[in-house]
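Undergrad: Here you go, one structure.
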Amino acid sequence: MIYGHGNDAYKYDKAIKADFSSNVWYEGPSPALTEHLKDRVGIVDHYPEPDGGALKEKIAEFHKVSPDNCLVANGSVEAFYLVALAYQPAKSVIATPCFSEYEDACTIHNHIIEFVSNSKGWVNQNFGNAIVWFGNPNNPDGKVIPPKVLAKMLEQNPAATFLVDEAYGSLCSDFQSAVSLIKRFPNLLIVRSFTKNFAVPGLRLGYLLGNPELIDRLNNLKMPWTVNSLALEAGMYIMDHYQQLMPDKSKVERTSKAFQSQLKELEDMLTVIPSDCNYCLVKLNGPYAGKLKQFLVDEYGVLIRDASNFRGLDEHYIRLAVQSPEHNELLIKGLKEGLRRMDNA
């Protein structure tokens, strides 16, 4: 899906004042990081390391694993497509609703795809030798699978390979990473991203962690130089200053809960699906997602995520990511007006 994700402001002539459609942390990248990259822009006259080796070393040290457990990628999406390529042809099981790129990667590489609803006890299934794809926390609903539950799934399905997308983990108060399980389970692959928590989506930087045999299988198919010099430099700086640059998790939790409380005041028009992440899924009383999105852009300069194109959802659903208090107030005002108009139409 090249189009249809959040942050599609480019489609509109109206200036966007507040973007609730992208679940990147709203405070933006650290000024220290952007200043560092300005100082290092001269590195673009050299080729980057073909495999991002220096960054791989830092990531491995941070997670207390071997560099052989790590692969640096051009964002998490490159990792998804690389896994789908490495296992083609295969059967893939995808827990829905979810990020559309799992399905797109599998489709391009001729996987037989089975979809399971993440609301129907799918974690207890026997997956045979399938590739099992899911987000943890999940996008768009913020559902979290604890490591002990994932460990049970891995134990019960030794022939399956589990691809766990942890892109939103650092922005979710109830999340525990599964990285500690890598040494125990050779059938686990974890994808992580710098995009969401460090607010650098334009750099395209992520990585895979897993058993060395799985990582080697992916490396044998990976093109060289897929991650550019500035992205690698950003990753090195972030890993060296990780805790200082990471958003305050208590602030993320506090602002997200306050935002969801504001939304719940509109309970006569919508239902908030509780989330411990910086975003939440919202069910509208009517099939208004597309019309509401257009209204909010036209009348308020506010952009939301129409969630109707998530498999398993429809035009009753939107996804919202917390923004500044002032922008949150603007959204609430726009939702009140827009939904009342639609309910009365």
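Nothing in this text is a laboratory measurement; each read-out follows from the coordinates by a stated rule. Computed from a predicted structure; not experimentally measured. Note: ideal-geometry Cβ built from the backbone for every residue, glycine included; neighbour counts use all protein chains shown.
Undergrad: Pulled fully out, how much extra length does the chain show between Ala159 and Lys251, if you take 0.36 nm times their separation in residues and subtract their Cα-Cα distance?
TA: Working: separation 92, 0.36 × 92 = 33.12 nm, distance 4.07 nm.
Difference between extended and current length: 29.1 nm.
Undergrad: With Cβ to Cβ distances under 15 Å as the rule, what net charge do the other residues near Lys17 carry (K, R +1; D, E -1)? All intermediate terms of the calculation are to be shown ahead of the outcome.
TA: Numbers: positive: Lys14, Lys293, Lys333; negative: Asp13, Asp19, Asp298, Glu299, Glu326, Glu329.
Net local charge, Lys17 excluded: -3.
Undergrad: Now for a separate question. Would you kindly state how much longer the chain becomes between Gln88 and Asp298 on full extension, computed as 0.36 nm times their sequence separation minus their alpha carbon distance, in nm to one decimal? Could you put the intermediate results ahead of the total?
TA: On the way: separation 210, 0.36 × 210 = 75.60 nm, distance 4.45 nm.
Between Gln88 and Asp298, full extension yields 71.2 nm more.
Undergrad: Also: Please name which of Ala167, Asn124, Ser180 has its Cα lying farthest along the dipole of the chain towards the positive end, using unit charges on Cβ (Lys, Arg +1; Asp, Glu -1) and the Cα centre as origin.
TA: Most positive-ward Cα: Asn124.
Undergrad: Then there's this: Using only alpha-carbon positions, what ratio does the radius of gyration of the chain give when scaled by 2.2 N^0.38 Å? Numbers along the way, then the final one.
TA: Values: Rg = 20.2 Å, N = 345, 2.2 N^0.38 = 20.3 Å.
Taking the Cα Rg and dividing by 2.2 N^0.38 Å, one obtains 1.00.
Undergrad: Something else now. For the pair Asp343/Ile112, report the inter-label distance in nm, with labels modelled 7 Å from Cα in the Cβ direction.
TA: 4.8
Undergrad: Suppose each label sits 7 Å from its Cα in the direction of the beta carbon; what would the Tyr10-Lys283 distance come out to in nanometres?
TA: Those two pseudo-labels are separated by 3.4 nm.
Undergrad: Enumerate the amide H contacts of Ser22 below 5 Å, restricted to partners 5 or more residues apart or on another chain; note that Pro and chain-start residues carry no placed amide H.
TA: For Ser22, whose amide H was placed from the backbone, the distant partners under 5 Å are Asn7.
Undergrad: On to the next question. Give the angle, between 0 and 90 degrees and rounded to the nearest 10, that separates the Cα long axis of helix 53-63 from the longest principal axis of the Cα atoms of the chain.
TA: Roughly 70 degrees between the two axes.
Undergrad: Then there is this: Amide H neighbours of Ala73 under 5 Å, at least 5 residues apart or on other chains, H built in the peptide plane: list them.
TA: Gly206, Tyr207, Leu208
Undergrad: On a 0 to 90° scale, report how tilted helix 325-344 is relative to the longest principal axis of the chain, with both axes built from alpha carbons and the result rounded to the nearest 10.
TA: 60
Undergrad: Can you give me the distance in nm between label points at Glu213 and Thr34, each placed 7 Å from the Cα along the Cα-to-Cβ direction?
TA: Going by the 7 Å Cα→Cβ label model, 4.7 nm.
Undergrad: If I build a Gaussian network model for the chain, linking alpha-carbon pairs within less than 10 angstrom, which residue out of Asp45, Asp314, Asp174 has the largest mean-square fluctuation?
TA: Checking each option, the largest mean-square fluctuation is seen for Asp45.
Undergrad: Another one. Can you tell which of Arg192, Arg311, Arg319 shows the greatest fluctuation in a Gaussian network model of the chain with Cα springs below 10 Å?
TA: Result: Arg311 has the largest fluctuation of those listed.
Undergrad: Follow-up question, since we're still on this one. Stretch Glu267-Lys148 to full length: gain in nm at 0.36 nm per residue minus the Cα-Cα span?
TA: Details: separation 119, 0.36 × 119 = 42.84 nm, distance 3.45 nm.
Contour length minus Cα-Cα distance gives 39.4 nm.
Undergrad: Can you give the net charge of the other residues whose Cβ lies under 13 Å from the Cβ of Gly52, counting K and R as +1 and D and E as -1? Please report the intermediate quantities before stating the final value.
TA: Details: positive: Lys56, Lys58, Arg204, Lys222; negative: Glu49, Asp51, Glu57, Glu78, Glu233.
Net local charge, Gly52 excluded: -1.
Undergrad: Given a cut-off of 29 Å, name the pairs among Lys222/Lys249; Lys14/Lys249; Lys14/Lys251; Lys38/Lys183; Lys14/Lys222; Lys11/Lys283 whose C-alpha atoms lie farther apart than that in the structure shown.
TA: On the way: Lys222/Lys249 34 Å; Lys14/Lys249 33 Å; Lys14/Lys251 31 Å; Lys38/Lys183 38 Å; Lys14/Lys222 40 Å; Lys11/Lys283 24 Å.
Pairs exceeding 29 Å: Lys222/Lys249; Lys14/Lys249; Lys14/Lys251; Lys38/Lys183; Lys14/Lys222.
Undergrad: Can you tell me the orientation of helix 289-300 relative to the chain, as the angle in degrees between its alpha-carbon axis and the longest Cα principal axis, to the nearest 10?
TA: It is inclined by approximately 70 degrees.
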